[in-house]
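Take a look at the structure set out below.
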Amino acid sequence: MLIKRREFLKISSLATASLMVPNFLKSMTLDNALERNQKILIVLQFTGGNDGLNTIIPTKNDIYFKERSKIAIQNSLQLNDEAGINPSLSYFKELFDNGELSVMNNVGYPDPDKSHFRSMDIWQSASKSDEFLETGWLGRFLDEECYKCDHPTQALEVDDMLSLALKGENNKAFAFKDPKRLYQTSQEKYFKSLYDHHHEDETVSYLYQTLGSTINNADYIFEKSKAKKTDQTYPNSQLGKDFKTVASLIKSDINTQVYYLSVGSFDTHVNQNERQQKLFDDINEAVKSFVADMKSNGLFNDILLMTFSEFGRRVAQNASNGTDHGTANQMFFIGGGLKKKGLLNALPDLQNLNEGDLIYTEDFRKVYATILKNWLKADSSKVLGWKNGVYDFV
């Protein structure tokens, strides 16, 4: 049987949803559910470089208002005597007041890179700035936990393509945007007939095998997404739909321990406040619905939502009422199981800059090590090679 280029591309498109390695293609066991007391991590990526200084605002810092005469946030919601939060994140303020949110300020890494692509690779792979890794920190977590994973739904990304963060050496997560659409595509007669075909060409044969596993997992994910219908109303934004998908899966007995979402773009070189406000509005409402859903189902103490962005922005605004690529930034942590709440460390020092950029004080790899060791109960030294201790906020 000859395979035409157009058919090859169609197979490749569906097979990309799984991005699995050969040892997952031999046999699939779909009955290894998560224990109900097992912790779940949800990563929310702020793509494009969110401006941290207009997210957590240094309300008493004259340098901030001087350097941002037109874009400084004047009506922040007060967190303490020195800090406020962007008013479009009003629900985050509520979480803060309830002891359900922590903020790590000034997170970064040595010798920061201001390229979106390179800095995102660094954050997703947990590499040094002069180190190039082909695996992600959560992918390597999957490699370490492989003996517990019967199939690649142990980690899921709600997207059409799998991020580097979730690619391991031997194991990879499963990426999809919509369980129903993935399932419907996988059930088309064209793909079903190809599933039963064996091809002599090694590459094409691998695609057929991958397609077969994709079909199996598409059915599994779709069934789990329907298992527990939610009464919670979610916003109609894309992020709202993504969080609703995640919530439906968490409430089922699927084996997934890590979910990965993204929102953006936060690359606000021009008219920053309008763009950031719209994104924060979407995030605020989606997270509000998700947390309410988790609480009403008694799951909030077992989930941890973590946010990050590949870099922050420069301290001074530019001529276009925006900000340019910077360095350090903050990370949010939301959940019912936080051991330390509120602002975990000091705000950025705006008097001590490196050519107009913030100087990081907290290494993001220490944050990852904390999540791996204290939340996911994994060996952070094996996953990250990190041996410089961990934090104690979870």
**Request:** Only residues that are crowded, with 16+ Cβ neighbours inside 10 Å, out of contact with any Pro (no Cβ under 8 Å at 6 or more places or on another chain) and either of a type in the set (Ser, Thr, Tyr) or modelled with pLDDT under 90 (or both): list them for the stretch 168-184, please.
**Result:** Ala175, Phe176, Lys177, Asp178, Pro179, Leu182, Tyr183
**Prompt:** How many residues, within the stretch 364-390, are out of contact with any helix residue (DSSP H, G or I) (no Cβ under 6 Å at 6 or more places or on another chain), buried (at least 20 other Cβ atoms within 10 Å of the Cβ) and in a loop (DSSP other than H, G, I, E, B)?
**Reply:** 1
**Prompt:** Cβ-Cβ below 6 Å, separation at least six or inter-chain, first residue in the stretch 333-346 and in contact (Cβ under 8 Å) with a residue 60 or more places away in the chain and within 17 Å of Ile40 (Cβ to Cβ), second of a type in the set (S, T, N, Q) and open to solvent by 40 Å² or more (accessible area, probe 1.4 Å): which pairs?
**Reply:** Gly336/Asn301; Gly337/Asn301
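For the stretch 85-103, what are the residues that are over 22 Å from Gly336 (Cα atoms) and either surrounded by fewer than 13 Cβ atoms within 10 Å (Cβ to Cβ) or of a type outside the set (S, T, N, Q) (or both)? Give the derivation first.
Taking the stretch 85-103 as the starting set, the residues that turn out to be over 22 Å from Gly336 (Cα atoms) are 86-88.
Correct list: Pro87 only.
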**Request:** Could you tell me whether any residue of the stretch 254-267 is buried (at least 21 other Cβ atoms within 10 Å of the Cβ), charged (D, E, K, R) and touching a residue at least 24 places away in the same chain (Cβ under 8 Å)?
**Result:** no
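The values are calculated or read from the model by the stated rules, or taken from the named source; none is laboratory data. Everything quoted here is computed from the prediction, not taken from an experiment. Quick reminder, even Gly has a Cβ in these numbers, built from the backbone with ideal geometry, and neighbours come from all protein chains shown. The accessibility values were calculated without ligands, DNA or RNA, using every heavy atom of the protein model including side chains. Shrake-Rupley method; radii C 1.70, N 1.55, O 1.52, S 1.80 Å.
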